[in-house]
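Each remark here refers to the structure printed beneath this line.
Derivation of every value follows stated rules applied to the coordinates shown; laboratory data play no part. None of these values were measured; they are calculated from a predicted model. Heads up, the Cβs are rebuilt from the backbone with ideal geometry, glycines too, and the neighbour counts pull from every protein chain shown.
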Amino acid sequence: MLYWVTARVILLNLRKAPIKRSDIIDFLQAEGRVIYDSMINEKYSVADNFNEVEYKKYLLKSGISDVLPRESVLKNLGCAEITSNGNLSYTNAGLLFFRDNTPYNLMGLF
């Protein structure tokens, strides 16, 4: 019932002003419908499982300067977040881009 009320408020708001994409994403995250790529995966920390070669390739291909610290770049790309215990952990998107290529069971990854 709460979801219906919230959805109705959004529909009523559409008549007054357009909703931005970021507002819709924030709404879905607040309702517990988090986008999979942005979910933090605490199993793998960046400090222990980082592929420097792939990171450098990504920076080169995307035209991003390496002036900023790696932690800042990964957070700005949405590939890592600081967890409640203070460690920098990958998001699921970050795992696919920058995780070290050590052998692992893909089904156990998530």
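Sequence-ordered 3J(HN,Hα) estimates for the range 37-54 from the Karplus curve with 6.51, -1.76 and 1.60 and θ = phi - 60° stand at 4, 8, 6, 7, 10, 7, 5, 10, 8, 5, 4, 8, 9, 10, 9, 4, 5, 5 Hz, glycine and proline given as x.
Using only side-chain charges placed at the Cβ, +1 for Lys and Arg and -1 for Asp and Glu, the dipole size of the range 38-102 relative to its Cα centre rounds to 180 debye. Each of GLU42 and SER62 was given a label point 7 Å from its Cα along the Cα-to-Cβ line. The distance between the two points is 2.6 nm.
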